[in-house]
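All remarks here apply to the structure that follows.
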Amino acid sequence: MASIASFVRAHDYTVAIIDCNIYAPSVELFEPYFRHCIASQYSSVKFIGITALTCNVKKAFKIAALCKQYFPKSIIVMGGCHATALPHDVLIDKNVDVVCVGEGEHTFLELLHAAPLTQIQGIVYKNMEGKVITNPSRPRIKNIDKLPMPAYDLLPISQYRPAKGSYKRLPAMSMVTSRGCPGRCTFCFKTLGNQLVFKSAEKIYEEILFLTNNYGIKQILFYDDTFTVYKNNVERLCDLLLKNHIDITWTCFARVDCVDARMLMKMHAAGCHQIMYGIENIDETVLNNINKKINIGHVYDAVRWTKDAKIECRLAFMVGNPGDTKQIIEKNLEFLKKANPDFVIINITTPLPGTVMFDWAKDHDLILTYDWDDYTLAKPVMRLENLTAEEIVSLYKLMYRGFYFRPFFILQKLFSI
């Protein structure tokens, strides 16, 4: 949203961002906030853009209704991964006028320019008769270096706090330096498609300097799906940080097949203190079922190299993949005990709309619920041949307890404080 805001502001439009997580964390709190800070300040608002994940899209619909209540002539545009995956479903809501599919910068600008809806690529909308119209998709932005810097000044940066265990220092800020992912995992929705584009090391460095100089940021959390895909770019960024003695610590996400020992050493020297690897499972059959193109050798190498580089290692696993059994989950737990990463994240496999897994589960009548509030990665929403929903929840808890409640792990953490 900060990227879209800066893009349209560069074309002389007035824009504001409401981060509901900070200002109005519940729908009940949103109404008085919106009335006091927006409705009382502006006589009219022409366009209102709302982004939502699957797990909070129902709240987004309620917010759209409140926005329409105060500005009935405004155009409500909904974007983000859920709207991109299920635009027709989103447009069933009477308060949503347009769905932006994929990237929003150019699409939203054309909407503001009052271009005829029939001519705007990348939207799905309702015409005057209420019929849903799907326009041709919009070509991806190939050079994101040309986009203006996100509108950080419109965000409540001083109130942001990263997840526990994911940072060393405050104040902290997240950054996204690429769009897309080279993986083809069945559980992941490519909101922006398969094509991967990334900011140059020089552009990332410029943005880091802006955050440190203007907001005193000391910690960056890179939220790219796979930060380390283009190793040369990562190493150039590290060289810039080291050469200019930038006092910053940072974390990132990576794939185990996209790192090497030399690069990890340089990343640590440049301030990287933690990496999260998405492993999901160590059983080869399950990995094939979810099209996760890694093997156990990649996992052992990446964990060892990361520890040798003195970078904290966080591993992400999923419980309830197609093909999972109680024995396979127990084998995953034994691997985690042996590998002994610094942290583990366990999610319950969730077939999110737009993914290959969702289509597969739907076609085989395996979806347990279409209540999007349940798509939190902590509840089973898909039935499996080998595991019941109750067994999945039990194994999910077993993975967490089995790893974190080990006396060795507890003592190790106590001594590291």
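The values are calculated or read from the model by the stated rules, or taken from the named source; none is laboratory data. Model, not experiment: these values are computed from the prediction. Using ideal geometry, Cβ is built from the backbone for each residue, glycine included, and neighbour counts are taken over all protein chains shown. Please note that ligands, DNA and RNA were not included when accessible areas were found on the heavy atoms of the full protein model with its side chains. Shrake-Rupley method; radii C 1.70, N 1.55, O 1.52, S 1.80 Å.
For the reader, a short list of remarks on this structure follows.
- Cα-based Rg of segment 74-200 normalised by 2.2 N^0.38 Å, two decimals: 1.23
- Cross-link pairs K142/K203; K190/K292; K164/K293; K292/K397; K46/K190; K68/K190 - those with Cα-Cα distance over 20 Å: K164/K293; K292/K397; K46/K190; K68/K190
- Within the chain, longest stretch clear of exposed GluC sites (Glu not before Pro) (DSSP loop, no more than 14 other Cβ within 10 Å): 130-384
- Sparse packing (at most 15 other Cβ atoms within 10 Å of the Cβ) combined with a DSSP loop state is found for the following trypsin sites (Lys or Arg not before Pro) in segment 1-77: K46, K73.
- Per-residue 3J(HN,Hα) values for segment 343-357, derived from phi via the Karplus relation 6.51 cos²θ - 1.76 cosθ + 1.60 with θ = phi - 60°, read 9, 10, 10, 10, 10, 8, 3, 10, x, 6, x, x, 8, 4, 5 Hz in sequence order (x marks Gly and Pro).
- Qualifying chymotrypsin sites (Phe, Trp or Tyr not before Pro) for segment 67-158 [loop in DSSP, other Cβ within 10 Å: at most 10]: none
- Taking the square roots of five times each eigenvalue of the Cα gyration tensor of segment 294-382, the equivalent ellipsoid has semi-axes of 30, 14, 12 Å, listed largest first.
- Converting phi to 3J(HN,Hα) with the Karplus coefficients 6.51, -1.76 and 1.60 and the offset θ = phi - 60°, segment 306-313 yields 5, 5, 4, 7, 6, 9, 4, 10 Hz in sequence order, with x at every glycine or proline.
- Contact order normalised by residue count of segment 101-185, Cα under 8 Å, 6+ apart, percent: 17
- Gaussian network model of the chain, Cα within-10 Å springs - most flexible of C181, C37, C238: C37
- For the chain, the fraction of alpha-carbon pairs in successive 20 Å shells from zero, as %: 24, 56, 20, 0
- Legend: residue pairs K168/K231; K58/K379; K168/K307; K146/K218; K73/K126, Cα-Cα distance threshold 20 Å; pairs beyond threshold, K168/K231; K146/K218.
- Among R314, R383, R401, residue whose mean-square fluctuation peaks in a GNM of the chain (springs only between Cα atoms under 10 Å): R401
- A 1.4 Å probe over all protein chains sorts F343, F198 by accessible area into F198, F343, starting with the largest.
- For segment 373-417, alpha-carbon Rg over 2.2 N^0.38 Å: 1.60
- Counting charges near K331 (Lys, Arg +1; Asp, Glu -1) among other residues having Cβ under 13 Å from its Cβ returns a value of -2.
- Net +/- balance of residues flanking T118 in space, Cβ distance below 15 Å, scoring K and R +1, D and E -1: 0
- Residue-averaged [θ]222 nm for the chain, counting only DSSP H segments that reach four residues, each worth -39500 (n - 2.57): -11000 deg cm²/dmol
- Restricting the calculation to alpha carbons of segment 203-362 gives Rg and Dmax of 17.4, 53 angstrom.
- Distance between segment 196-211 and segment 335-390 - C-alpha centres, whole angstrom: 34
- Kirkwood estimate for segment 178-290, i.e. one over the average of 1/r between Cα atoms, Å: 15.2
- Between 0 and 90 degrees, the angle of helix 389-404 with respect to the longest Cα principal axis of the chain falls at about 60 degrees.
- For the chain, with all protein chains in place and a probe radius of 1.4 Å, 56% of the accessible heavy-atom surface sits on carbon or sulfur.
- Average accessible surface area per residue within segment 197-290, 1.4 Å rolling probe, Å²: 39
- Annotation note: trypsin sites (Lys or Arg not before Pro) in segment 170-212 located in DSSP loop regions with a Cβ neighbour count of at most 13 within 10 Å are R184.
- Fluctuation leader among T177, T14, T54 - the chain, Gaussian network, Cα springs under 10 angstrom: T14
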